[in-house]
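First up is the structure itself, then whatever we jot down about it.
Values quoted throughout were computed directly from the atomic coordinates according to the rules given, and no laboratory measurement underlies them. Computed from a predicted structure; not experimentally measured. For neighbour counting, all protein chains shown are included, and Cβ atoms are generated from backbone atoms with ideal geometry for every residue, glycine included.
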Amino acid sequence: MPAEAAATKNTAAAADTLVVVDDAACTGCGACVEICPAGALRLEGGLARVDPRACLGCGICVPECPVQALSQRGTAVRG
């Protein structure tokens, strides 16, 4: 995978990340940060970042994103 493609996905933290951010699409609006019940999302450098240890996998944030920058991997809800 080219370095550019790898850089557009926020997947560096851990393999069990349940929500993935497409950095190329994220506008840093913070809608996902506000809605996340686990506090697993934060803005860093103007882009959304996911804490895979805190993410419950509930997916509440995914439809909240106005630019469809979030996707959910897997269907299991932790917690």
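If I model a spin label as a point 7 Å beyond the Cα along the Cα-Cβ vector, how far apart are those points for residue 64 and residue 35 in nm?
0.6
Using a basic spin-label model with each label point 7 Å from the Cα along Cα→Cβ, how many nm lie between residue 54 and residue 25?
2.3
What would the Debye equation give as log₁₀ I(q)/I(0) for the stretch 16-78 at q = 0.15, 0.17, 0.29 Å⁻¹, counting only Cα atoms as equal point scatterers?
Each listed q maps to, in turn, -0.35, -0.45, -1.41.
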